[in-house]
Amino acid sequence: MSTATYWLAGVFLPLFPLSMAFNGLFNRVRNAPLRATLLLAWPQVGLGLGLAAGVPVPHWYVSLALFTSALYAFRALGVREVGQWVGYLATSAWALLWVALFNGTDLQMVRLYAFGFSLPLAMLAVLGSVLQQRFGAAYTGLYGGLAQMLPRLAGVLVGVVLAIIAAPLFPAFFAMLATVVAATPRMPLAAVAVGGIWLLWSWAGVRLLQGLIVGPADDSRVVDISLTSTLAYTAVLVLLFFSGLYVGGGLL
């Protein structure tokens with residue numbers, strides 16, 4: 001029964017090929033608030049199932065988790081649609097939670113890691129719908145120069161993507177750092193792999209922003225997000241920043 005529970009957990013903390021279940025569902029859901037809810041809840045279900053299994057995480061799960069995370073981080077490099085990019089980064093991030101569980105990280109802390117990964121992804125899912133409302137699609141390279149056309153939206157996008165790719169001092173940064181530190185004594189190759197995946201995230205984030213933010217503005221007449229929305233997004237990013245300091249308290 002515990003083995004079956006772990007396999008089910010592999011759907012919610014995605015392990016390839018079970019990871020296709022989440023990405024298939026996520027691509028079918030088009031409602032932005034529902035997408036955001038899915039991103040926040042999905043890994044928490046997996047962590048609950050992992051706890052219910054009642055047995056140590058198998059060693060080979062770590063290898064499969066690293067493969068899954070690297071695969072989806074690499075796939076994100078070539079994705080142009082913002083929603084699909086979010087799904088791939090979520091899969092890559094959640095798979096790494098298996099490494100933290102294997103290293104004996106406290107479950108409540110791993111839940112915080114999952115939330116730190118998921119919240120900025122949920123924000124980007126909502127921002128993707130904002131882009132779709134204004135341009136008819138949320139694709140990189142389809143339109144550029146958002147920094148000139150929509151400076152408020154562009155600024156929020158930059159902050160959210162930085163939180164997603166684990167830039168200092170957001171929660172994802174400390175989650176990745178703690179995972180590397182904990183894995184180094186027991187699995188040095190796994191620690192190196194996590195560092196490589198982290199670099200892929202940064203590369204994918206730069207490519208996403210490059211396709212949206214920079215470049216000459218086109219002739220589209222679109223309205224920027226409101227000051228109230230900008231302040232709300234900024235408040236969440238500030239909250240994430242300070243919660244990152246809490247998550248990383250033991251590492252500072």
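Overview of results
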| item | result |
| --- | --- |
| Residue exposure sequence - 20, 187, 123, 109 - by fewest surrounding Cβ within 10 Å | 20, 109, 187, 123 |
| Size-normalised alpha-carbon gyration radius of the chain, reference 2.2 N^0.38 Å | 0.99 |
| Potential extension, residue 214-residue 239 segment - 0.36 nm per residue separation minus Cα distance | 6.3 nm |
| Computed [θ] at 222 nm, deg cm²/dmol, the chain (DSSP H ≥ 4; -39,500 (n - 2.57); rounded to nearest 500) | -25000 deg cm²/dmol |
| Between 0 and 90°, nearest 10: helix 188-212 axis offset from the chain longest Cα axis | 10 degrees |
| Separation in nanometres of the label points that stand 7 Å from Cα toward Cβ, at residue 126 and residue 77 | 3.2 nm |
| Mean separation of Cα contacts under 8 Å (6+ apart) over length of the chain, as relative contact order % | 22 percent |
| Förster radius 35 Å - calculated FRET efficiency between residue 67 and residue 231 (Cβ-Cβ, nearest 0.05) | 0.25 |
| Global geometry of the range 7-54, whether rounded, prolate or oblate, following the gyration tensor of its Cα atoms and the 1.5 cut on a/c | oblate |
| Choice from 50, 24, 87 with maximal GNM fluctuation in the chain (Cα, 10 Å cutoff) | 24 |
| Between 0 and 90°, nearest 10: helix 107-135 axis offset from the chain longest Cα axis | 20 degrees |
| Exposure proxy order (Cβ contacts within 10 Å, fewest to most) of 221, 134, 30, 80 | 221, 30, 80, 134 |
| GNM top mover of 101, 124, 227 - the chain, alpha-carbon springs below 10 Å | 227 |
| Degrees between helix 227-247 axis and first principal axis of the chain (Cα, 0 to 90, nearest 10) | 20 degrees |
| Where only alpha carbons of the range 105-252 are counted, the Rg and the Dmax (Å) | 17.0, 56 |
| Highest-MSF residue in the chain out of 73, 154, 90 [GNM, Cα springs under 10 Å] | 154 |
| Cα-based shape type of the range 47-96, given that a ≥ b ≥ c are square roots of the gyration tensor eigenvalues and the cut on a/c is 1.5 | oblate |
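Computed from the coordinates by the stated procedures, all read-outs in this text should not be read as laboratory data. Keep in mind that this is a model prediction, so the values were computed, not measured. Cβ atoms come from the backbone with ideal geometry, glycine included; neighbour counts cover every protein chain shown.
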